[in-house]
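Let me begin by presenting the structure, written as structure tokens, before commenting on it.
The values are calculated or read from the model by the stated rules, or taken from the named source; none is laboratory data. Not measured: the values here are computed from a predicted model. Cβ placement follows ideal geometry from the backbone for every residue including glycine, while neighbour counts extend to all protein chains displayed.
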Amino acid sequence: MNLFSKDKELIFKIVNGIFLIWFIAAVVITANSAIDLLIKEDIPSFQEYRVKEFKNYPENDKISDQELENMYNQQYRSQNVYALKSTLNGIANIIIVGGTLYILNRVPKRK
């Protein structure tokens, strides 16, 4: 499979260049997502989070414990789900772009 051979028309060379850049970007993004999935950040306990967040609000505008717990759950509890979803989306992107590159540049079978 030669993406930029002299036999190809200019439009196919441009399309192959775009898909190749897209494929490389998809591999890098997927690798980054997989690293985020495998190497997890330290998640603070709710009490540590509570102390840190209460410092961010002025004295007369305190947030309730229920709202704070909802914020904590949204920020930290769903972190693994988002990392897995990003990794799977990246893998799907690699398969789609790689398959498209292969289909566009496969050599037809000769009889």
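In table form, for the structure just shown:
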quantity	calculated
Matching option when the condition is within 28 Å of the chain's Cα centre (by Cα), surrounded by 11 or more Cβ atoms within 10 Å (Cβ to Cβ), among the aliphatic types (A, V, I, L, M) and modelled with pLDDT under 90, among 68, 88, 20	68
Any chance residue 57 is touching a Pro at 6+ places or on another chain (Cβ under 8 Å), of a type outside the set (Asp, Glu) and surrounded by 10 or more Cβ atoms within 10 Å (Cβ to Cβ)	no
Criterion violated by residue 5 - all others in (1) more than 22 Å from the chain's Cα centre (by Cα); (2) within 21 Å of residue 75 (Cβ to Cβ); (3) of a type in the set (Ser, Thr, Tyr) satisfied	(2)
Residue 54 vs. criteria outside any loop (DSSP other than H, G, I, E, B), free of Cβ contacts under 8 Å to residues at least 24 places away in the same chain and not hydroxyl-bearing (Ser, Thr, Tyr)	yes
